[in-house]
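Worksheet: the structure to be examined is printed underneath.
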Amino acid sequence: MSLTVVGTMAFDDIETPFGKSDKIVGGSASYIAWAASNFVQPINQVSVIGGDFPQEELTALVNRGVAMDGVQVKKDEKSFYWAGRYHLDMNSRDTLVTELNVLADFQPVIPPSYQGSEFLILGNLTPQVQMSVINQMNPRPKLIVMDTMNFWMDVALEDLLKTLKMVDVLMVNDSEARQLTGEFSIVKAAKKILTMGPKYLIIKKGEHGALLFHENHVFFAPALPLDEVFDPTGAGDTFAGGFVGHLAKTKDISFENMKTAIIVGSAMASFCVEKFGAQKLREITKEDISARLEQFVQLVNFDIDLV
């Protein structure tokens, strides 16, 4: 059973009202792999890094069952770098620096050892790169999950719409869903997106949870109310890793099991925000995850006598 993860392995420099991280390891593929490796191994990583990427980070991921055959190392170049500052509400942020570096001309190559992977998750990259990966996978994975962002809607909409036709699950936040469809109502936006290709749609609403849409079905998963949100960077990718990790572990892609997968994703994301970067994800145990999932069960559990 394997899961292929495509995304960035990068450096982040984060400032929040609660502190400053300085330069730490981030990137969508890093967060997805750390989260998903709690549920399924091996994880086939596809990314690109520069010679400055720390060897100890690669070793730590390998020790978690993450295969690196698909990670290109460009020794003479620098890894992708992003710096940002969060506002007090922790939902809005300003990008201070973006240096694409090795990512500027990234052409992923799927190694033969990754073929036959049943699950594929495409982290937030250019739609052209996402499409190229799908086209290289033979046979087509059982489930393809894709994340994207408003930037690609601005600069690569045509390619984005082509890629959407090739995937099973799309993940966006509420403002991205509105931008993609021109609909203000989230429900109307969801219905429109489901005519664009994906069979399932997840709309992430940060501290307000996530919605899962499929045909005429809707499921809402709350976010766990936390005492402190220290750093929201990577929470969406961690959510995605927990979600696809659970699906890959159970090999069940029914709507009912996706409901459970969304709760698992939300639980993983709730760990991520408690420390800078992926630090907390490196520390948690299976027992921590079980306890956190139990908190989610209690959060939504109630009895009712129907009249």
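The values are calculated or read from the model by the stated rules, or taken from the named source; none is laboratory data. These numbers were taken from a predicted model, which means no experiment stands behind them. Virtual Cβ from ideal backbone geometry, glycine too; neighbours counted across all protein chains shown.
For every residue, the table says whether it meets (1) touching a residue at least 12 places away in the same chain (Cβ under 8 Å); (2) in contact with a helix residue (DSSP H, G or I) (Cβ under 9 Å, 6 or more places away or on another chain).
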{"position": "GLY7", "(1), (2)": "yes, yes"}
{"position": "VAL25", "(1), (2)": "yes, yes"}
{"position": "ALA36", "(1), (2)": "yes, yes"}
{"position": "PHE39", "(1), (2)": "yes, yes"}
{"position": "SER47", "(1), (2)": "yes, yes"}
{"position": "ASN63", "(1), (2)": "no, no"}
{"position": "ALA67", "(1), (2)": "yes, yes"}
{"position": "LEU88", "(1), (2)": "yes, no"}
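Of the strands (runs of 3 or more DSSP E) that lie entirely inside the range 6-62, those containing 1 or more residues that are modelled with pLDDT of 95 or more, among the β-branched types (Val, Ile, Thr) and within 30 Å of ASP252 (Cα to Cα) span 43-50.
In the set (1) over 27 Å from GLU176 (Cβ atoms); (2) of a type in the set (Gly, Ala, Ser); (3) in contact with an Asp or Glu (Cβ under 7 Å, 6 or more places away or on another chain), the condition left unmet by ALA60 is number (3).
Selection over the range 11-38 of residues that are of a type outside the set (Val, Ile, Thr), closer than 15 Å to ARG64 by Cβ and touching a strand residue (DSSP E or B) at 6+ places or on another chain (Cβ under 9 Å) gives a count of 6.
VAL71 satisfies every condition listed in (1) over 19 Å from SER132 (Cα atoms); (2) touching a residue at least 40 places away in the same chain (Cβ under 8 Å); (3) among the hydrophobic types (A, V, I, L, M, F, W, C) except (1). Here LEU88, LEU96 are screened, and the one residue that is part of a loop (DSSP other than H, G, I, E, B) and loosely packed, with under 14 Cβ neighbours inside 10 Å is LEU88.
Go through VAL187, VAL145, VAL133 for me and flag whichever is under 17 Å from GLY265 (Cβ atoms) and not hydroxyl-bearing (Ser, Thr, Tyr). Residue meeting the stated conditions: VAL145.
Has the range 107-128 got at least one residue that is surrounded by fewer than 21 Cβ atoms within 10 Å (Cβ to Cβ), among the hydrophobic types (A, V, I, L, M, F, W, C) and closer than 23 Å to ALA35 by Cβ? Within the range 107-128 (the criterion being surrounded by fewer than 21 Cβ atoms within 10 Å (Cβ to Cβ), among the hydrophobic types (A, V, I, L, M, F, W, C) and closer than 23 Å to ALA35 by Cβ), the answer is no, since none of the residues qualifies. Identify all residues within the range 129-143 that are of a type outside the set (A, V, I, L, M) and either in a loop (DSSP other than H, G, I, E, B) or crowded, with 18+ Cβ neighbours inside 10 Å (or both); write none if there are none. Selection gives GLN130, SER132, ASN138, PRO139, ARG140, PRO141, LYS142. Whether a residue is part of a strand (DSSP E or B), within 22 Å of the chain's Cα centre (by Cα), within 30 Å of ASN135 (Cβ to Cβ) and touching a residue at least 24 places away in the same chain (Cβ under 8 Å) was assessed, and VAL102 does not pass this test. Tell me yes or no: at least one residue of the range 143-158 is closer than 22 Å to GLY241 by Cα, among the aliphatic types (A, V, I, L, M) and touching a Ser or Thr at 6+ places or on another chain (Cβ under 6 Å). No, the range 143-158 contains no residue that is closer than 22 Å to GLY241 by Cα, among the aliphatic types (A, V, I, L, M) and touching a Ser or Thr at 6+ places or on another chain (Cβ under 6 Å). Every condition in (1) among the hydrophobic types (A, V, I, L, M, F, W, C); (2) touching a helix residue (DSSP H, G or I) at 6+ places or on another chain (Cβ under 6 Å); (3) within 22 Å of LYS251 (Cα to Cα) is met by ALA177 except one, and the failing one is (3). If the condition is being among the small types (Gly, Ala, Ser) and under 17 Å from the mean Cα position of the chain (by Cα), then the range 38-54 contributes only SER47. Checked against (1) within 28 Å of PRO42 (Cβ to Cβ); (2) surrounded by fewer than 22 Cβ atoms within 10 Å (Cβ to Cβ); (3) touching a Lys or Arg at 6+ places or on another chain (Cβ under 7 Å), HIS214 passes all but a single condition, namely (1).
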